[in-house]
Amino acid sequence: MDKLDGLIAQGLENGDKQILERTRELGYFQQALGLFSGRNGWINWIIILLQALIFFVAIWSGWHFFQATEMLSALKWGLSSATLLLMAGTLKFTLTPVMQANRIIRELKRVELMLVRKGD
């Protein structure tokens, strides 16, 4: 795909190259940080804060699990810790599809800009 992108970049005029540069693909961390802005940014902030809170409670439960001397107490803390860790991971993974959707929308806007530019 990089070779195809290179051929497209060679064939474009200067104005088109500016559009191509403005709509270039963002890196992973830029995409991840972009989740916290825009119309749904506040929801993503709530999700990540809730995920962090659940993760820290899971670590706290895990600490109690390893400190427990009785089997019933260890079972209580261990199951709680494992369940909370799974919940924290699931919440974190809910943001990945949003990143992919944003990436596809960005590419569609890029193609749309190129088509409008060619129509002029």
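Rule-based calculations on the coordinates, nothing more; no lab input. Worth saying up front: this structure is predicted, and the values here are computed from it rather than measured. No Cβ is skipped: glycine too gets one built from the backbone with ideal geometry, and neighbour counts run over all protein chains shown.
Which of the residues belonging to segment 104-119 are surrounded by fewer than 14 Cβ atoms within 10 Å (Cβ to Cβ) and either under 13 Å from ALA32 (Cβ atoms) or of a type in the set (Lys, Arg) (or both)? Show your work before the answer.
Within segment 104-119, the subset surrounded by fewer than 14 Cβ atoms within 10 Å (Cβ to Cβ) is 104-105, 107-109, 111-112, 115-116, 118-119.
Within segment 104-119, LYS109, LYS118 qualify.
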Going by the conditions given, is LYS92 closer than 30 Å to LEU26 by Cα and either of a type in the set (A, V, I, L, M) or surrounded by fewer than 15 Cβ atoms within 10 Å (Cβ to Cβ) (or both)?
no
Residue pairs, Cβ under 6 Å, 6 or more apart or interchain, first in segment 100-116 and of a type outside the set (D, E, K, R), second surrounded by 14 or more Cβ atoms within 10 Å (Cβ to Cβ). List them.
LEU113/ILE19
Kindly list the number of the only condition in (1) within 24 Å of LEU33 (Cβ to Cβ); (2) touching a helix residue (DSSP H, G or I) at 6+ places or on another chain (Cβ under 6 Å); (3) without any contact (Cβ under 8 Å) to a residue 60 or more places away in the chain that fails for TRP77.
(1)
